[in-house]
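One structure below.
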Amino acid sequence: MSSWLIEKAGVQITVKASGKLAIELLAQVLAVIPHEEVKTSRGVRINLSRDEDTWVLEDKTSNIKRKLAQSGDAIYHLTDRVVFHIADKAKDVHCLHAACVAYKGQALVIPANSGAGKSTLTTWLVSQGFDYLTDELILIYPDGHLEGLARPIQIKHHGLAPIQSLIAQPELVEEGKQVTAIPVAALSNASSLDAADGIALFLFPKYDKGSGFSFARLSSAEAGLRLMGNHINARSLDGHGFSAMMKIMRHEAAYSLNYGGFADFPNDFKQQLEVLLSKARQS
Amino acid sequence: MPNSDIYTHAEDCLIEDMDGESLLYHPGTTTTLHLNQPSLLVWNLCDGERSVQDVITTLQEAFPDQNEQIAEDVVDVITELREKKVLVKVTGAARS
């Protein structure tokens, strides 16, 4: 048995893995998430084990137990519990349901509900050389820096086809009924970061196969409205974090992106984003 | 909606000016609303003292060329904001 401690925003989560296969899977999940091996549990306790052909995931703190047939789903539910506990218990940080990549230390934040295509877009951005922070949860601290939970990118089935060609090492991919988990290492030229210096740009995506491409600047009010829909620990914060988030939205540019596939992207779309991120960095 | 009704802001609502547009946040429901200029005017006038008719009259005096539309618009806005729970009706006991 091995135990690893993850700590984010003061929330401690100990994940124990029993058996060789569980230890290997957990090592893959934690590959780019800061963690340390520990002898005793601290904080939230989550266990992962294998029972014949079934993964057994137990959130001991919440008294939740799941049996899962496929490793992709084990990764999905394990990281889902980690995200839940961080968002539930974090103090004095804003937790956003958002993906995030970075360019020269400045974050491109991608808030969106499940199914909007943020993980698919994140996969493309990482394959283009942006640093991976997360496809699910970012934490914004009072001093403006942010951290991501750099779990394996999790793609729902309708989002798989566009990113298949971006996977350089398919043997690292873990399949599941609900999602396919793609470690960053499976993408060519991928790199990851735990934290970014600050936010430079917001991007609100919507993937709709066959819809074509549109990329449009949003007013700060439109962006603020969308952002609050993805603020997942508002109730824990003073004033629900509303004023603090609106202060950020008044300062940073935001765009909507509708796309039906990467073939719809202009050839210089990556460069457009880099220019926008660089401008924000300079201002 | 009787025009004698009086409305006031729900408790703890927060409003932010976003480069000339307004976002209104209701902590109780964790709802965020985008108020355009006319809706913002109605929101501001619903101060727990003015009746619906007072709000209509005030706006008609300020915008005389839109007299006819204002009455309907005010009722529509107040209805919507009430449904979103950011405006609450002042009861008889609260008034006295």
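Values quoted throughout were computed directly from the atomic coordinates according to the rules given, and no laboratory measurement underlies them. These figures come from a predicted structure and were not determined experimentally. Methodologically, a virtual Cβ is constructed for each residue, glycine included, from the backbone with ideal geometry; neighbour enumeration extends over all protein chains shown.
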query: Between B:V88 and A:Y141, what is the FRET efficiency for a Förster distance of 45 Å, r being their Cβ-Cβ separation, to the nearest 0.05?
result: 0.80
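Based on the mean of other beta carbon atoms within 10 Å per residue, what is the order of A:76-82, A:121-127, B:64-70, most packed first?
A:121-127, A:76-82, B:64-70
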statement: For A:G239, the net charge from surrounding residues (Cβ-Cβ under 12 Å; K, R +1; D, E -1) works out to -1
- request: Ignore the peptide's own chain and count Cβ atoms of other chains within 10 Å of each Cβ in A:219-228; give me the average, rounded.
  value: 5
Per-residue mean of C-beta atoms belonging to partner chains within 10 Å, peptide B:18-26: 6
message: Can you give me the distance in nm between label points at B:E72 and B:T30, each placed 7 Å from the Cα along the Cα-to-Cβ direction?
response: 3.8
Restraint check, A:K8/B:K85; A:K8/A:K104; A:K20/A:K118; A:K247/B:K84, Cα-Cα greater than 27 Å: A:K8/B:K85; A:K20/A:K118
- line: For A:K177, counting only aspartates and glutamates whose alpha-carbon sits under 12 Å away and dropping same-chain residues fewer than eight positions off, the answer is A:D73
message: Using a 7 Å offset from the Cα along the Cα-to-Cβ direction at both B:T8 and A:T54, what is the distance between the two label points in nm, to one decimal?
response: 5.8
statement: Taking a straight Cα-to-Cα line shorter than 15 Å from A:K91, and setting aside same-chain aspartates and glutamates fewer than 8 residues away, one finds A:E7, A:D143, A:E147, A:D238
statement: Computed from the beta carbon distance with a Förster radius of 45 Å, FRET efficiency for B:Q37 and A:S114 to the nearest 0.05 stands at 0.85
query: Given a Förster distance of 30 angstrom, what is the FRET efficiency for A:D92 paired with A:A27, based on the Cβ-Cβ distance and rounded to 0.05?
result: 0.45
field: chain A: relative contact order in percent, alpha carbon pairs under 8 Å with at least 6 residues between
entry: 17
field: Label-zone membership for region A:47-85, site A:R235, 7 angstrom Cα→C-beta point, backbone N under 15 Å
entry: A:84-85
query: Which value, in Å³ per residue, describes the convex hull spanned by the Cα atoms of region A:67-214?
result: 102
field: 9 Å beta-carbon shell around A:E7, net charge (K/R +1, D/E -1)
entry: +1
message: Tell me the net charge near A:K118. Cut-off is 10 Å between Cβ atoms, A:K118 excluded, with +1 for each Lys or Arg and -1 for each Asp or Glu.
response: -1
task: Would you mind giving the mean number of other chain beta-carbons within 10 Å of the Cβ of each residue in B:30-40, as a whole number?
output: 3
query: Where the centroid of each part is defined by its Cα atoms, how far is region A:152-174 from region A:219-283 in Å?
result: 25
All-pairs Cα distance distribution in the protein assembly as shown, expressed in whole percent, bin size 10 Å: 5, 21, 26, 21, 14, 8, 3, 0
query: What full-extension length gain, to one decimal in nm, is calculated for A:K65 and A:Q12 as 0.36 nm per residue of separation minus the Cα-Cα distance?
result: 17.1 nm
task: Compute from the Cα atoms of chain B the Rg and the Dmax, the latter being the longest Cα-Cα distance, and quote both in angstrom.
output: 13.2, 39
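Which of the GluC sites (Glu not before Pro) found in region A:31-67 are loop residues per DSSP with 14 or fewer other Cβ atoms within 10 Å of their Cβ?
Numbers: sites: A:E36, A:E37, A:E52, A:E58; in loops: A:E52.
In loop regions of region A:31-67 (DSSP not H, G, I, E or B), the sparsely surrounded GluC sites (Glu not before Pro) are A:E52.
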- request: Could I have the simple spin-label model distance between A:A185 and A:R42, label points 7 Å from Cα toward Cβ, reported in nm to one decimal?
  value: 2.6
message: Looking at chain A as a GNM with Cα springs under 10 Å, which of A:A234, A:A107, A:A150 has the largest mean-square fluctuation?
response: A:A234
query: Within region B:2-17, what residues put their amide N at less than 15 Å from the label point 7 Å along the Cα-to-Cβ vector of B:T79?
result: B:2-3
